[in-house]
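The values are calculated or read from the model by the stated rules, or taken from the named source; none is laboratory data. Treat the numbers as computed from the prediction; the structure is a model and nothing was measured. Cβ placement follows ideal geometry from the backbone for every residue including glycine, while neighbour counts extend to all protein chains displayed.
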Amino acid sequence: MIDPSIVPIVDPNPLPAPYWLFKLLLLVTFTLHIIAMNFMLGGAFLAVVARFTSKGKEFRNRIFLDLAKKVPVFLAATITIGIAPLLFVQAIYGQYFYTSTILIAWPWFLILVLLCIAYYGFYYVVYNGQRRPGPAGIVLLVSLTFVLIVGFIQSNNVTLMQTPAHWAAKYFASPTGWSNNLSDPTLIPRYLHFVTSAIAVGGMLLVLLALARWKSDREYATYLFQYGGKSFMYATMAQFIIGTWFLVTIPRNLRMIFMGDNPLASVLFIIGILGTIAAIFLMSNAIRKQNIRVAAYGVSGLLAVVIITMIIMRDILRDAYLEPYFHPHQFAVKTQWAVLPVFLVLFLAGVGLWLLMLKRYGLFSGNKPPLADTTPTANAAAETEVELVH
Ligand code: HEM
């Protein structure tokens with residue numbers, strides 16, 4: 001711990017809405033960001049695996065094409081929804097977030113470059129996946145690597161922002177903004193925890209695609225169900241090892257918040273563990289009995305509960321890290337009543353519109369590529385696919 005007075009003072013401008021509301025909006029929008037990110041990252045990961053294991057397996061190639069078409073849409077959603085928690089985190093944790101961002105300034109800027117290249121690559125795969133599966137697979141792998149690096153930079157920043165005691169040494173070791181937070185023992189397990197959960201959610205995406213095709217294309221849907229369901233199960237099982245690793249790297253006094261010191265964190269921890277075990281059993285049962293509805297609705301419901309509990313736990317942990325410095329009661333609040341209701345209505349309308357767009361777009365039915373390929377072969381393939389779906 002360092003002298004708390006070293007941390008820059010809280011912004012004297014009053015918050016335009018109560019602290020609790022900003023906190024709630026941070027959690028809600030971060031959850032949406034992470035769900036979109038999981039579909040994108042997990043979808044791209046499973047598409048790469050399907051592509052490189054497709055020799056002699058026709059359905060694997062179809063999975064590659066089906067997933068690859070969806071990845072750019074989820075990347076767009078990840079980026080746009082990421083803006084919202086970015087604003088709320090700055091409003092509440094500005095002094096911490098700005099300081100860590102400045103310390104890792106160049107990797108942080110690199111995010112924009114990496115995302116542009118990855119985006120371009122994902123679209124290359126949409127256009128060329130069918131005609132040039134070989135190069136498309138490699139481009140997809142490169143783009144996936146870039147978004148993995150982006151996530152890693154985010155984890156560096158988030159872990160650094162909550163450990164002000166490390167800032168001065170980082171700055172003096174590299175005042176040019178090329179720092180990272182590799183010396184933090186929680187960084188790697190924490191990051192792997194995110195990546196592995198993305199793979200599990202990518203598996204769930206395939207289960208949802210299987211549900212959409214269950215009546216019209218049973219053979220392929222059964223394959224999708226197996227592939228997605230097993231990916232979900234294995235990735236979730238791995239979380240027990242990675243999660244335990246993460247837990248033991250957290251300093252003991254902070255770790256204890258999940259073991260009785262903080263009742264809410266402890267209850268959420270238990271719910272998270274039980275929800276994870278239940279999800280694995282339910283998925284395994286559903287695969288054995290070929291019950292796609294239980295897998296798609298039941299396991300998705302449990303998964304949503306687990307994701308929400310983990311995100312709240314992450315937030316409680318951050319506040320525990322910052323406890324010596326961060327005092328929310330110090331915030332001056334001057335609620336802008338004229339603007340706040342308009343903001344909330346627009347926010348809810350925006351989320352509603354987003355859900356409507358997803359439905360209209362048929363994201364989970366797999367029948368509409370984000371950009372139509374103009375080659376005759378691709379058009380014929382897309383038409384066949386539409387016929388299969390309807
Ligand atoms: C597309 C690639 C992206 C990936 C894979 C990704 C992944 C992640 C991950 C894993 C975290 C959690 C880090 C941790 O807690 O250790 C995170 C946090 C965050 N991301 Fe993203 N992200 C991406 C893009 C973006 C973009 C473009 C933005 C902003 C426009 C953004 C905004 C945020 C914010 C603000 C947080 C921190 C929220 C908080 O601490 O409460 N992300 N991201």
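Looking at Thr176, is it outside any helix (DSSP H, G or I) and of a type in the set (Val, Ile, Thr)? Before you say what the answer is, go through the steps one by one.
Details: outside any helix (DSSP H, G or I): yes; of a type in the set (Val, Ile, Thr): yes.
Against the criterion (outside any helix (DSSP H, G or I) and of a type in the set (Val, Ile, Thr)), Thr176 qualifies.
Which of (1) surrounded by 24 or more Cβ atoms within 10 Å (Cβ to Cβ); (2) within 30 Å of Gly228 (Cα to Cα) is the odd one out, the single condition Leu103 does not satisfy?
It fails just one condition, (2).
How about segment 44-53: which of its residues are small (Gly, Ala, Ser) and within 12 Å of the ligand (Cβ to nearest atom)? Show your work before the answer.
Taking segment 44-53 as the starting set, the residues that turn out to be small (Gly, Ala, Ser) are 44, 47, 50.
Correct list: Ala44 only.
Quick one: would you say Phe97 is surrounded by 18 or more Cβ atoms within 10 Å (Cβ to Cβ), farther than 26 Å from Phe22 by Cα and either in the same structural domain as Thr29 (by TED's automatic domain parsing) or more than 12 Å from the ligand (Cβ to nearest atom) (or both)?
Details: surrounded by 18 or more Cβ atoms within 10 Å (Cβ to Cβ): yes; farther than 26 Å from Phe22 by Cα: no; either in the same structural domain as Thr29 (by TED's automatic domain parsing) or more than 12 Å from the ligand (Cβ to nearest atom) (or both): yes.
For Phe97, the condition - surrounded by 18 or more Cβ atoms within 10 Å (Cβ to Cβ), farther than 26 Å from Phe22 by Cα and either in the same structural domain as Thr29 (by TED's automatic domain parsing) or more than 12 Å from the ligand (Cβ to nearest atom) (or both) - is not met.
Would you mention how many residues in segment 167-181 are free of Cβ contacts under 8 Å to residues at least 40 places away in the same chain and either crowded, with 21+ Cβ neighbours inside 10 Å or within 15 Å of the ligand (Cβ to nearest atom) (or both)?
0
Among the residues of segment 297-317, is any surrounded by 15 or more Cβ atoms within 10 Å (Cβ to Cβ) and in contact with a Ser or Thr (Cβ under 6 Å, 6 or more places away or on another chain)?
yes
Pairs please, first residue from segment 112-137 and among the small types (Gly, Ala, Ser), second anywhere and within 13 Å of the ligand (Cβ to nearest atom), Cβ atoms under 6 Å, 6+ apart in sequence or on different chains.
Pairs found: Ala118/Ser143; Ala118/Phe146; Ala118/Val147; Gly121/Ser143.
Search segment 205-222 for residues that are on the phi < 0 side of the Ramachandran plot and outside any helix (DSSP H, G or I) and pair each with any residue that is surrounded by fewer than 19 Cβ atoms within 10 Å (Cβ to Cβ) and of a type outside the set (Ser, Thr, Tyr) when their beta-carbon atoms are under 9 Å apart and the residues are at least 6 apart or on different chains.
Trp214/Arg293; Ser216/Glu387; Ser216/Leu388; Ser216/Val389; Ser216/His390; Asp217/Leu388; Asp217/Val389
Out of curiosity, is Asp319 more than 18 Å from Leu205 (Cβ to Cβ) and in contact (Cβ under 8 Å) with a residue 24 or more places away in the chain?
Working: more than 18 Å from Leu205 (Cβ to Cβ): yes; in contact (Cβ under 8 Å) with a residue 24 or more places away in the chain: no.
Spelling it out, it is not the case that Asp319 is more than 18 Å from Leu205 (Cβ to Cβ) and in contact (Cβ under 8 Å) with a residue 24 or more places away in the chain.
Given the structure, is Lys23 assigned to a helix (DSSP H, G or I), within 15 Å of the ligand (Cβ to nearest atom) and touching an Asp or Glu at 6+ places or on another chain (Cβ under 9 Å)?
On the way: assigned to a helix (DSSP H, G or I): yes; within 15 Å of the ligand (Cβ to nearest atom): yes; touching an Asp or Glu at 6+ places or on another chain (Cβ under 9 Å): yes.
So Lys23 passes the test.
Select, from Val89, Val71, Val48, Val28, the only residue that is assigned to a helix (DSSP H, G or I) and surrounded by fewer than 18 Cβ atoms within 10 Å (Cβ to Cβ). Outline the logic, then answer.
Details: Val89 fails: surrounded by fewer than 18 Cβ atoms within 10 Å (Cβ to Cβ); Val71 fails: surrounded by fewer than 18 Cβ atoms within 10 Å (Cβ to Cβ); Val48 fails: surrounded by fewer than 18 Cβ atoms within 10 Å (Cβ to Cβ).
Unique residue meeting the criteria: Val28.
Please work out if Gln162 is surrounded by 20 or more Cβ atoms within 10 Å (Cβ to Cβ) and of a type outside the set (A, V, I, L, M, F, W, C).
yes
Before we move on, is Arg190 in contact with a helix residue (DSSP H, G or I) (Cβ under 6 Å, 6 or more places away or on another chain), farther than 30 Å from Lys170 by Cα, basic (Lys, Arg) and surrounded by 15 or more Cβ atoms within 10 Å (Cβ to Cβ)? I'd like the intermediate steps shown before the answer.
Details: in contact with a helix residue (DSSP H, G or I) (Cβ under 6 Å, 6 or more places away or on another chain): yes; farther than 30 Å from Lys170 by Cα: no; basic (Lys, Arg): yes; surrounded by 15 or more Cβ atoms within 10 Å (Cβ to Cβ): yes.
Considered against the rule, which asks whether it is in contact with a helix residue (DSSP H, G or I) (Cβ under 6 Å, 6 or more places away or on another chain), farther than 30 Å from Lys170 by Cα, basic (Lys, Arg) and surrounded by 15 or more Cβ atoms within 10 Å (Cβ to Cβ), Arg190 comes out as no.
With the requirement that a residue be farther than 20 Å from Asp319 by Cβ and either more than 10 Å from the ligand (Cβ to nearest atom) or without any contact (Cβ under 8 Å) to a residue 60 or more places away in the chain (or both), what does segment 145-155 give you?
Kept after step one, since they are farther than 20 Å from Asp319 by Cβ, are these residues of segment 145-155: 145-153.
Scanning segment 145-155 gives Thr145, Phe146, Ile149, Val150, Phe152, Ile153.
Which residues, counting only those in segment 54-89, are of a type in the set (S, T, N, Q), modelled with pLDDT under 95 and either under 16 Å from the mean Cα position of the chain (by Cα) or within 16 Å of the ligand (Cβ to nearest atom) (or both)?
Thr80
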